[in-house]
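Reviewing the structure listed below.
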Amino acid sequence: MNAVIKLSSMGDIIHSMIVLPFLKEKIDFIVDDSFKGILEENPYINKIITVKLRAAKKEKILFFKEFIHFKEMYYNKIYDLQGLFKSAFFAKLATENLIGYKNPREKIASLFYNKKIKSNKIYAIERYLELFEININIKEHPQLLFYKNKNFEILNNFKKNIIFIIGGSWECKKLPVNKWIELADSLKNENVIIPYANENEKKEASKIQQNTKNVKIINLNLNDLKALISKADLLIGNDTGPSFIAWANNINNIILYGCTFNNKIIENRHSKSIELQKEIKKGLMIMDKIEIKTILKKIDEF
């Protein structure tokens, strides 16, 4: 049995799943336990192996528990899609054949690899495929995310259902609330839904709802988030994990990039992007420069 290790974060895990439909056999997937839900119900995965390497940074006892956990595993091959010291170090405990990048995110990780693949590809999904030596035209792909089916009363059968993903790991990734209000007003004839994951997102979603007439907000677990987005007509979101659920399942989507740029997925007939710059300037607050008319023009391209 072979395995892949990709610990975090949600968006990166989703992008890495591009390899799964093209493998000759099912594979185990090693992931941090907080992201298990994004992988569940997937027919391409043999077994989800959850670990707690994030928490192990702070708790030494967890470090030793995970050390034993990996020592008890055995795989013919493990593909390290994370490219960090911790992913390479622990994966090496579970295999004699660890495959990774010649130029990983942390150089020290390459010391643990038995086979090193050099990649100069721009897009993450191309780099993942390259590590598995999969050579395909990746403009189109099969469904990547799966879920237990659920019906949603929040969906409208007579209007377009449009998802807004308003969160982000950095403030500079987030379109300002007033822009979301303006966008919702411009889509007043459609059914706009904002899923939220925490209290801060709930506060911002509530403000958008209070200032518009066509916005509904909802808190969902990962299974239901996958299901809702997969039943929507369009997703518009910041550069953050949940936004890429739409890309994974070929739902029309527009990703907004401010202090980041698109080095993750390749645009296709379902996926569009709006980028303000071509280099990362973490912390630079420029998302307010995105014009709503630019987003509306992108919508018209579908």
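Of the numbered conditions (1) outside any strand (DSSP E or B); (2) under 27 Å from the mean Cα position of the chain (by Cα), F64 fails exactly one; give the number of that condition. Only one criterion in (1) outside any strand (DSSP E or B); (2) under 27 Å from the mean Cα position of the chain (by Cα) is unmet by F64, namely (2). Among residues of region 210-250 being touching a strand residue (DSSP E or B) at 6+ places or on another chain (Cβ under 6 Å) and part of a loop (DSSP other than H, G, I, E, B), the one that is nearest to S8 (Cα to Cα) is D239. The single residue among G37, G83 that is modelled with pLDDT of 95 or more and either in contact with a Pro (Cβ under 6 Å, 6 or more places away or on another chain) or assigned by TED's automatic domain parsing to the domain that holds F244 (or both) turns out to be G83.
Answer yes or no: is there a residue in region 64-72 that is under 28 Å from H270 (Cβ atoms) and modelled with pLDDT under 95.
Of region 64-72, the ones under 28 Å from H270 (Cβ atoms) are none.
No: zero hits.
Pick out the one residue from K159, K150, K174 that is basic (K, R) and out of contact with any strand residue (DSSP E or B) (no Cβ under 9 Å at 6 or more places or on another chain). Unique residue meeting the criteria: K150. Hey, any hits in region 50-62 for a residue that's in contact (Cβ under 8 Å) with a residue 12 or more places away in the chain, closer than 18 Å to I14 by Cβ and out of contact with any Leu (no Cβ under 7 Å at 6 or more places or on another chain)? Checking region 50-62: at least one residue is in contact (Cβ under 8 Å) with a residue 12 or more places away in the chain, closer than 18 Å to I14 by Cβ and out of contact with any Leu (no Cβ under 7 Å at 6 or more places or on another chain).
If you go through region 73-115 and keep only what is under 23 Å from K264 (Cβ atoms) and among the polar types (S, T, N, Q), you end up with Q82, S87, N103, S110. Annotation: K297 fulfils all but one of (1) surrounded by fewer than 14 Cβ atoms within 10 Å (Cβ to Cβ); (2) under 18 Å from D12 (Cβ atoms); the unmet one is (2).
Residue-by-condition table, conditions (1) more than 26 Å from D224 (Cα to Cα); (2) assigned by TED's automatic domain parsing to the domain that holds I48:
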site	(1), (2)
S119	yes, yes
I122	yes, yes
E126	yes, yes
K139	yes, no
F146	no, no
F152	no, no
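Restricting region 25-56 to residues that are out of contact with any helix residue (DSSP H, G or I) (no Cβ under 8 Å at 6 or more places or on another chain) and in a loop (DSSP other than H, G, I, E, B), the residue that is surrounded by the fewest Cβ atoms within 10 Å (Cβ to Cβ) is E25. Of all residues in region 276-294, none satisfies being at pLDDT 95 or above, within 21 Å of the chain's Cα centre (by Cα) and in the same structural domain as K179 (by TED's automatic domain parsing). Beta carbons closer than 8 Å, at least 6 apart along the sequence or on distinct chains, pair a first residue in region 146-159 that is part of a loop (DSSP other than H, G, I, E, B) with a second that is polar (S, T, N, Q) and loosely packed, with under 15 Cβ neighbours inside 10 Å for K159/N189.
The values are calculated or read from the model by the stated rules, or taken from the named source; none is laboratory data. Everything numeric here is computed off the predicted structure, so don't read it as measured data. Reconstructed Cβ throughout: ideal geometry from the backbone, glycine too, with neighbour counts over all protein chains shown.
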